[in-house]
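The values are calculated or read from the model by the stated rules, or taken from the named source; none is laboratory data. The structure presented is a predicted model; accordingly, all values stated were derived computationally and were not measured. Note: ideal-geometry Cβ built from the backbone for every residue, glycine included; neighbour counts use all protein chains shown.
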Amino acid sequence: MRLGYYLLWHFFRILFRIGFARRIYHVERVPSQGPVLIAANHASFMDPPLIGSSLPREITYLARDTLFRFPIFASFLQYINVIPVDRGGKSPRGLKVIASRLKAGHPVILFPEGTRSSDGKLRQAKSGIGLLAIKSDAPILPVRVFGTFEAYGRHMKWPRLHPVDIKFGRVLDLKHLRAEAKTASKDRLKAIYQEAADAIMQAIADLEPHQECDTFAGN
């Protein structure tokens, strides 16, 4: 990790471990190298730093393009691997950058729901992540966070100390949809993207909290 990224990564590791009693499950399932499309539920602003600080690798994040209006803040976001996308997450430029990051072997984190949950419950996935999953050969890793809505949901003005957990699933196999997409009609292709997105969201939903914690060395 670059020094600046490492310092921020280390800060959030300490913050979540001490302030929010963070527990990590099955981090050994995360590929140690190469591209990875990390797909997680989205309940709070805390989710990106929680997931990122739980991984021993630098990862690429997404953020609304409106956050890049201020040059100094935009430079900081770019330094910590944040890509600007439009609110719908379907900006051609944003998708192109995400695809190039994956092609270059970098992990990228996406939230299939597109926005934070308003009630803490899982929402339907948008087709954008399905498009990326089909067009990329990167492994797809479902991730589920627990407790972040209670700690800092969108209804809250300030965060409160509440235990948070993160569980990594098994790599998802979408080979059959990727193969079909190569010869599918335009209409069928749209359906395939949504099917892929739904499969990813279901894999996230299938992750349940555990009692035992698996962490990587140096946690």
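Residue 165 meets all of the listed conditions (1) surrounded by 18 or more Cβ atoms within 10 Å (Cβ to Cβ); (2) more than 25 Å from residue 56 (Cβ to Cβ) but one, namely (2).
Looking at segment 90-111, is at least one residue in contact with a helix residue (DSSP H, G or I) (Cβ under 9 Å, 6 or more places away or on another chain), of a type in the set (Ser, Thr, Tyr), surrounded by fewer than 18 Cβ atoms within 10 Å (Cβ to Cβ) and modelled with pLDDT of 85 or more? Within segment 90-111, not a single residue is in contact with a helix residue (DSSP H, G or I) (Cβ under 9 Å, 6 or more places away or on another chain), of a type in the set (Ser, Thr, Tyr), surrounded by fewer than 18 Cβ atoms within 10 Å (Cβ to Cβ) and modelled with pLDDT of 85 or more.
One residue is enough: does segment 189-209 have a residue meeting the conditions crowded, with 16+ Cβ neighbours inside 10 Å, out of contact with any Leu (no Cβ under 9 Å at 6 or more places or on another chain) and assigned to a loop (DSSP other than H, G, I, E, B)? So far as segment 189-209 goes, yes, one or more of its residues are crowded, with 16+ Cβ neighbours inside 10 Å, out of contact with any Leu (no Cβ under 9 Å at 6 or more places or on another chain) and assigned to a loop (DSSP other than H, G, I, E, B).
If the requirement is being closer than 19 Å to residue 172 by Cβ and free of Cβ contacts under 8 Å to residues at least 60 places away in the same chain, which of these qualifies: 121, 96, 135? None of the other options fit; the residue is 135. Taking the criterion of being part of a helix (DSSP H, G or I) and touching a Lys or Arg at 6+ places or on another chain (Cβ under 9 Å), the residues of segment 39-78 that qualify are 47, 50, 65, 66.
Among the residues of segment 68-88, write down those that are without any contact (Cβ under 8 Å) to a residue 40 or more places away in the chain and within 30 Å of residue 190 (Cα to Cα).
Applying the first criterion (without any contact (Cβ under 8 Å) to a residue 40 or more places away in the chain) to segment 68-88 yields 68-78, 82-87.
Passing the criteria: 82, 83, 84, 85, 86, 87.
Looking at 149, 168, 216, can you tell me which residue is under 16 Å from residue 51 (Cβ atoms) and modelled with pLDDT under 95?
Working: 149 fails: modelled with pLDDT under 95; 168 fails: modelled with pLDDT under 95.
So the residue among 149, 168, 216 that is under 16 Å from residue 51 (Cβ atoms) and modelled with pLDDT under 95 is 216.
Here are some residues: 86, 47. Which one is at pLDDT 95 or above and acidic (Asp, Glu)?
Numbers: 86 fails: at pLDDT 95 or above.
From the options 86, 47, the qualifying one is 47.
Scanning segment 138-162 for residues that are exposed (fewer than 14 other Cβ atoms within 10 Å of the Cβ) and not basic (Lys, Arg) yields 155, 156, 158, 161. Screening segment 1-45 for residues that are surrounded by fewer than 15 Cβ atoms within 10 Å (Cβ to Cβ) and hydroxyl-bearing (Ser, Thr, Tyr) and picking the one that is farthest from residue 61 (Cα to Cα) gives 32. Quick one: which of 191, 203, 181, 197 is at pLDDT 95 or above, touching a Pro at 6+ places or on another chain (Cβ under 7 Å) and more than 19 Å from residue 120 (Cα to Cα)? The match here is 197.
For segment 29-61, the tally of residues that are farther than 22 Å from residue 118 by Cα and among the acidic types (Asp, Glu) stands at 1.
Can you pull out every residue in segment 170-188 that is within 30 Å of residue 27 (Cα to Cα) and either of a type in the set (S, T, N, Q) or surrounded by fewer than 15 Cβ atoms within 10 Å (Cβ to Cβ) (or both)?
Filtering segment 170-188 for residues within 30 Å of residue 27 (Cα to Cα) gives 170-179.
170, 173, 175, 176, 179, listed by residue number.
Residues that are touching an Asp or Glu at 6+ places or on another chain (Cβ under 9 Å) and closer than 14 Å to residue 15 by Cβ within segment 148-159 comprise just one, 148. Would you check which residues across segment 8-24 are assigned to a strand (DSSP E or B) and more than 16 Å from the chain's Cα centre (by Cα) and list them? If the condition is that a residue be assigned to a strand (DSSP E or B) and more than 16 Å from the chain's Cα centre (by Cα), then 23 is the only one that fits.
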